[in-house]
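**Q** I have a structure I would like to understand better, so I am pasting it below and will then ask my questions one at a time.
The values are calculated or read from the model by the stated rules, or taken from the named source; none is laboratory data. The model shown is predicted, which means the values in this text are computed figures rather than measured ones. Reconstructed Cβ throughout: ideal geometry from the backbone, glycine too, with neighbour counts over all protein chains shown. Calculation scope for accessible area: heavy atoms of the full protein, side chains included, ligands and nucleic acids excluded. Shrake-Rupley method; radii C 1.70, N 1.55, O 1.52, S 1.80 Å.
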Amino acid sequence: MDDFQYHAPSSVDGVLSALRGADDGKVLAGGMSLLPVMKLAMAAPSDLVSLRNVPGLSDIEDHGHCLKIGACCTHAQVAASSVVRERIPALAAMAGRIGDPQVRNRGTIGGSVAHNDPAADYPAACVGLGATIITDRRKISSDDFFGSMFETPLEDDELVTAVCFPIVDGAAYAKFENPASKYAVAGVMVARDSDGVRVAVTGAGAGVFRVAEMEAALADDFSADAVAGISVSSDGLLSDNVAGAEYRAHLVTVMAKRAVEACG
Amino acid sequence: MSGNGSNGTGFIGASLKRKEDARFLTGRGRYTDDINLPGQLYAHLLRSTVAHANLGSVDTSAAEAAPGVQAVFTGPDMEDVGGIPTGWLIHSKDGSPMVEPKHPAMAIGKVRHVGEIVAIVVAETRDQAREAAALIDIDYQELPAAASLEAARADGAPLVWDEAAGNLCYDWEVGDRAAAEAAIDGAAHTVSIDVVNQRLVPNAIEPRAAIGNFDPTTGEYTLYTTSQNPHLIRLLLGAFVLGLPEHKLRIVAPDVGGGFGSKIPHYAEEAILTWTAGRLARPVKWTSDRSEAFVSDTQGRDHISTATLGFDEDGRFVGLKVSTQANLGAYLSTFATCVPTYLYGILFAGPYTTPAIYCEVEGVFTNTVPVDALRGAGRPEATYLLERLVDKAAAATGIDRVDIRRRNFIREFPYQTPVALQYDQGDYDATLDLALEASDWDGFEARRNEAASRGKLRGIGISTFIEACGIAPSAVVGSLGARAGLYEVGSVRVHPTGSVSVFTGTHSHGQGHETTFAQIVAETLGVDFEAVDVVHGDTNAIPFGMGTYGSRSLAVGGTAIYNAVQKVIAKGRKIAAHLLEASEEDIEFADGNFTVAGTDRSKSIGEVALTAYVPHNYPEGLEPGLEETAFYDPLNFTFPAGTHVAEVEVDPETGEVELVAVTGADDVGRIINPMIVNGQLHGGLAHGIGQALLEHCEYDDEGQLVTGSYMNYTMPRAGDLPNFNINHNTTHCTHNPLGVKGVGEVGSIGVPPAVINAVVDALSPLGVTHMEMPATSERVWQAIQAAQAQD
């Protein structure tokens, strides 16, 4: 790992100014994605700006119509949170299956959404549940936030501070995981509320995507059978040593069915 | 039949807690990277990023000028030292010796696999060495790669070595081809199979490391290294590579964190670090990181085979013919040539009476990391092929899978196989019966039906197998091409106050030798377990040895220690007779006491030891001291055997395989420490299950390793494994005094075919008849799709 300057400011403003003062600064939250790529010399930021001393980023607040989850909440914290388990159980269950215990105890929601790994779980949770990403300067809807792999509209000096998840009538996440990495090969979040049904897929494509055909079918008939015959095209899906594109496309349908079933 | 090693003190057969636990479980082990010598420098090894290329210029000038750099060396700097040797000369069918190109320590003129060492950079710090290495400018003139067996054997394939036409190292055979073919031609039925035994990465938890040191005042070199066999490294490094006499070369293999075969070979890194330390007259340390380990530790398996089994109307096997291509990688590692021949072809009788067997093996060079022993080493490959074939025979004839095995079992011992081995003892019915009962084999249909009610396809699979451990004897392996003996050495030093130091030429890197060997000595010498310590891993402390591999340590190394104890007792008897004023023939030894037969007059081993070192009242002509060494060269291999049963549930929608039950019934010979034996079985089973379901080392067509990290190379985790149902039925080895056989490789040999047979059984209602390892979800799903498309 190459040398870097380490900063641990105690305010959001301090974080932003440290980023602005750096040649190639990166925000360090849990480090579960950033540190491995630095270790492999695939990233060599000049400065790491840690969030560890910034107060108030690890709170989970119930705002009635939504839950606001601070950017530094770890996956383990979300999984164990009584308010998340009660209000959006699908979100708690999803967080409890990210990676392994070490990752869940270090990795954060803010880091995951800002990184936008195409096989991460949070992008599907955010898009599926219709979450809003809150930064130091604006609010961005999930549909606008998650681009193709690793792409987001975040500015270089912009910090995700929280994610707001609306309370929905029902939701569930079904994941087929890579046996080595535990990332999603195909992860599907299905959520329904008065506005309709959302189906968001992670792991299978170059970034999280919604399946409009499934959403429409489920709006008419919220049952596993309604999506059993709907498949996504394998064109453009990822392919690796664990799963080819065709298999991934198949798994999207199976995981969608299982998520619908789990919605009850 | 039964061993007579016991004096009844109860140490043998007891699950004593390991002496090693205190340091290993509290993080106080002392591994090579924990050792730091005064003035130590750090090395970074720059490795080829391409699989096959002519090396144009290698410009090291910028690296040499970088901060902290003490030296940069490349292949031509070491041109005058010997090549890294291989330990076994194989002859082809026509009698010609194998193609054995010189293996330079660092690349000269050409690179032949990703990860091959091109340069060593030595600096004051690890980071300085790494950063300087990035400044070396290498002109790789890339060549097409032969990155797989298929590519290497294709017409017009790129040649890894100009002298190896068709990339063939050897074309070896064992058995009687004409007899096997005639038996198959005349058989009532035949079944054939094409199987791949995929390449695996060994993945010892401690990456390899080495520290070279040179003392200019004595001319002595010391190499600290992560080795399973320090004396073997001294022999190969000293005599073949650097030309150093034994008394000027000390090899220390301290605590070593797992080997699984990948720490048997003498590696180029060991030669480079030792040589560099001599050039600089300073200690130089290198420690592999995990990414480096993936492209520089030897890898395992990698066979493609086709085989035919002939059998009569009653399902009795009459002939077997096997043709295998074995990937050796780009260079011949220490046991690379022997693993797919003398540890593979001679296993094809299995536990069966097949009268005519023939096996031919092409050893093939490819532009991949060298292949060498990996837990089981040849025997898993043979067992997998045979046990898949037997299941196919059962399916073809409609004879029950258990029944067809039982009909073919060997029951008369000793049994001479048609492929060189002679089994001394075994009871295959007993382990089969035990496994069937313990796994509730007969109750399977109910479990299948219950799984079906949950939408799962449940299958059960079985394998009945033998293995050959403790490869021996030296004269035989020598006649087959081994370049070393395969005996072992044990020394027992009884100190003046009766405590005991035991010196073994084997090496413990997770096997618990320090405990097991102490149990043997405590019991046979009649001393307290706490009074015995075992020393291993230092050529300056131990007389000699061949090391630990092939499940040999207890059967060969343990017997050497046992024999040394017998020598101690024999000398002690003379001393006791003198003290007791009795005739030596009247002295009996039991429970640590020398007693005049028929009397209560006795001297303890402690009293005898003190007398041996304070010989005031001492037998005339007898040397003082109480220390003996034994070299033990076994008469034969040992032959553990067993039955493994696996049950799986397949999710037909996703293809996901869940392993729900594993039952082992094993005959590993006499058990010294049941806890350690079961631990070895558990580890081996995890390893074998990893091969069956998860692990697959893959290269692309250019010879780049696709699975170079744990993000895509799937190691078995605890959550992938069911609780293991382990059972023992013990017969004793007839030709060593302890009656022991071996256990370290049992799981990785026996369980893969049981798991795959279970997967095929689960899918058989859909018409699936074959499944390659690893049975990944995608493969299973594809097999289901293909079978359904045929309907």
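**Q** At 7 Å along the Cα-to-beta-carbon direction for both B:Ser192 and A:Ser223, put a label point, then send me their distance in nm to one decimal.
**A** Spacing of the two 7 Å Cα→Cβ label points: 5.1 nm.
**Q** So between B:Ser479 and B:Val706, what do we pick up on full extension, going 0.36 nm a residue minus the alpha carbon distance?
**A** 77.7 nm
**Q** State, in square angstrom and to the nearest 100, the accessible area buried between chains B and A, both chains counted, probe radius 1.4 Å.
**A** Buried: approximately 1700 Å² between A and B.
**Q** Using helices alone, what [θ] at 222 nm do you get for chain A, with -39,500 (n - 2.57) per DSSP H run of 4 or more residues, divided over all residues and rounded to the nearest 500?
**A** -9000 deg cm²/dmol
**Q** Additional query: Note down the net charge around A:Arg137, summing +1 for each Lys or Arg and -1 for each Asp or Glu among other residues with Cβ under 14 Å from its Cβ.
**A** Spelling it out: positives minus negatives among the neighbours equals -3.
**Q** Per residue, how much accessible area does the stretch B:286-417 have with a 1.4 Å probe, in Å²?
**A** Normalised by residue count, the accessible surface of the stretch B:286-417 is 22 Å².
**Q** How much of the accessible area of the stretch B:54-163, probe 1.4 Å, is carbon plus sulfur, in whole percent?
**A** The value for the stretch B:54-163 is 47 percent carbon and sulfur by accessible area.
**Q** Give me the mean projected area, in nm² to one decimal, of the convex hull enclosing the Cα positions of the stretch B:301-372.
**A** Directional mean of the projected Cα hull area for the stretch B:301-372 stands at 4.8 nm².
**Q** Counting only DSSP beta bridges with both residues in the stretch B:271-424, what percent are antiparallel, rounded to the nearest 5?
**A** 55
**Q** For a bin width of 5 Å, list the pair-distance distribution of the stretch B:449-569 built from all Cα-Cα distances, rounded to whole %.
**A** P(r) over the stretch B:449-569, rounded to whole percents: 2, 11, 18, 17, 14, 9, 6, 5, 4, 4, 4, 4, 1, 0, 0.
**Q** In addition: Just from the alpha-carbon atoms, what are the Rg and Dmax of chain B in angstroms?
**A** 27.3, 92
**Q** While we're here: Keeping all protein chains in place and using 1.4 angstrom, which order do B:Arg779, B:Arg601, A:Arg52, B:Arg447 fall into by accessible surface area, from largest down?
**A** A:Arg52, B:Arg601, B:Arg779, B:Arg447
**Q** Further question: So how long is each side of the protein assembly as shown along the principal axes, counting just the alpha-carbon atoms, biggest first, in Å?
**A** 102, 75, 67
**Q** I need the Kirkwood Rh of the stretch A:60-263: take the reciprocal of the average 1/r across all distinct C-alpha pairs and report it in angstrom.
**A** 16.5 Å is the Kirkwood radius here.
**Q** Additional query: Through the Karplus equation 6.51 cos²θ - 1.76 cosθ + 1.60, θ set to phi - 60°, convert the phi angles of the stretch B:211-227 into ³J(HN,Hα) values in whole Hz; use x for Gly and Pro.
**A** 10, x, 9, 9, 9, x, 6, 10, x, 8, 9, 10, 10, 8, 8, 7, 10
**Q** While we're on this one: Please turn the phi angles of the stretch B:43-53 into ³J(HN,Hα) values with the Karplus equation 6.51 cos²θ - 1.76 cosθ + 1.60 (θ = phi - 60°), one per residue in order, whole Hz, x for glycine and proline.
**A** Once θ is set to phi - 60°, the couplings for the stretch B:43-53 become 10, 10, 9, 7, 10, 4, 9, 10, 7, 7, 6 Hz.
**Q** Could you give me the ³J(HN,Hα) list for the stretch B:231-245, computed from phi with Karplus coefficients 6.51, -1.76, 1.60 and θ = phi - 60°, whole Hz, x at Gly and Pro?
**A** Working through the residues one at a time gives 5, 5, 5, 4, 5, 6, 5, x, 7, 9, 9, 9, x, 10, x Hz.
**Q** Just give the residues from the stretch B:760-791 buried by at least 50 square angstrom of accessible area in the all-chains context relative to the isolated chain, probe 1.4 Å, and say none if nothing qualifies.
**A** B:Glu778, B:Trp781
**Q** Find the all-direction average of the projected area of the Cα convex hull for the stretch A:35-106, expressing the result in square nanometres with one decimal place.
**A** 6.0
**Q** Just want to confirm a number: the relative contact order over the stretch A:5-50, from Cα pairs under 8 angstrom separated by 6+ residues, in percent.
**A** That works out to 55 percent.
**Q** Two decimals is fine: what is log10 I(q)/I(0) at q = 0.09, 0.19, 0.22 Å⁻¹ for the stretch B:230-338, from a Debye sum with one equal scatterer on every Cα and no solvent?
**A** Results for the stretch B:230-338 at q = 0.09, 0.19, 0.22 Å⁻¹ read -0.40, -1.10, -1.34.
**Q** A further question follows. Not counting ligands, DNA or RNA, and with a 1.4 Å probe, what is B:Glu220's accessible surface area in Å² rounded to the nearest 10?
**A** Here the residue's solvent-accessible area equals roughly 50 Å².
**Q** Going by accessible area, probe 1.4 Å, with all protein chains left in place, what is the ranking of B:His44, B:His52, largest first?
**A** B:His44, B:His52
**Q** Assign one of three labels to the stretch A:156-264, namely rounded, prolate or oblate, based on the Cα gyration tensor with a ≥ b ≥ c the square roots of its eigenvalues; rounded applies when a/c is under 1.5, prolate when it is not and a/b is larger than b/c, and oblate otherwise.
**A** The shape class here is oblate.
**Q** Which residues of the stretch A:228-261 show a drop of at least 50 Å² in accessible area when all protein chains are present, compared with their chain alone (probe radius 1.4 Å, heavy atoms only, ligands and nucleic acids excluded)?
**A** Output list: A:Asn241, A:Tyr247, A:His250, A:Arg258.
**Q** Given C-alpha coordinates of the stretch B:617-684, what is the ratio Rg to Rh with the Kirkwood estimate of Rh?
**A** We get a ratio of 1.37 for the stretch B:617-684.
**Q** Just by accessible area at a 1.4 angstrom probe, what is the order of B:Glu772, B:Glu745 from largest to smallest?
**A** B:Glu772, B:Glu745
**Q** Let me ask you something else. Between A:Arg137 and B:Ser96, how many nm apart are label points set 7 Å from Cα along the C-beta direction?
**A** 7.4
**Q** Roughly how many nanometres apart are two label points built 7 Å out from the Cα toward the Cβ at A:Tyr6 and B:His616?
**A** Rounded to a tenth, the inter-label distance reads 6.6 nm.
**Q** So, with a 1.4 angstrom probe, what is the percent of accessible area on the stretch A:5-50 that is carbon and sulfur?
**A** Accessible surface attributable to carbon and sulfur in the stretch A:5-50 totals 52 percent.
**Q** Tell me which residues come under 5 Å, amide H to amide H, from B:Ala482 once H is placed; ignore anything under 5 positions away on its chain.
**A** Here the answer is B:Leu89, since their amide H atoms fall under 5 Å of that of B:Ala482.
**Q** Here's a follow-up. With the contact rule set at Cα under 8 Å and sequence spacing of 6 or more, what percent relative contact order holds for chain A?
**A** Worked out over chain A, it gives 15 percent.
**Q** Taking Rh as the Kirkwood radius computed over C-alpha pairs, what is the Stokes-Einstein D of the stretch B:60-127 at 10 °C in a medium of viscosity 1.306 mPa s, expressed in µm² per second?
**A** 109
**Q** Given the Cα atoms of the stretch B:369-500, and with Rh set as the inverse mean 1/r over their pairs in the Kirkwood sense, what is Rg to Rh to two decimals?
**A** Dividing the radius of gyration by the Kirkwood radius yields 1.13.
**Q** Determine the share of the stretch B:449-517's accessible area contributed by carbon and sulfur atoms, expressed in whole percent, with a 1.4 angstrom probe.
**A** Carbon and sulfur atoms account for 56 percent of the accessible area of the stretch B:449-517.
**Q** What value does the stretch A:5-50 have for Rg/Rh, both radii from Cα atoms and Rh as Kirkwood defines it?
**A** For the stretch A:5-50, the value is 0.98.
**Q** At a threshold of 8 angstrom on Cα-Cα distance, excluding pairs fewer than six apart, so keeping six or more, what relative contact order does chain B reach in percent?
**A** 16
**Q** I'd like to verify something in chain B: which complete DSSP H helices, judged by Cα projection on the helix axis, reach 24 Å or more and average at least 1.0 on the Kyte-Doolittle scale?
**A** The qualifying helices are B:746-763.
**Q** What are the radius of gyration and Dmax of the stretch B:677-791, computed over its Cα atoms and given in Å?
**A** Considering the stretch B:677-791 through its Cα atoms, Rg and Dmax are 17.9, 59 Å.
**Q** Rounded to the nearest whole Å², what accessible area per residue is found for the stretch A:60-263 with the 1.4 Å probe?
**A** Heavy-atom SASA per residue in the stretch A:60-263 reads 37 Å².
**Q** All other residues with a Cβ under 10 Å from the Cβ of B:Lys285 taken together, and with Lys, Arg as +1 and Asp, Glu as -1, what is their net charge?
**A** Value of the local net charge: 0.
**Q** OK, next. Can you give me the solvent accessible area of B:Ser583 with a 1.4 Å probe, rounded to the nearest 10 Å²?
**A** That residue has around 50 Å² of solvent-accessible surface.
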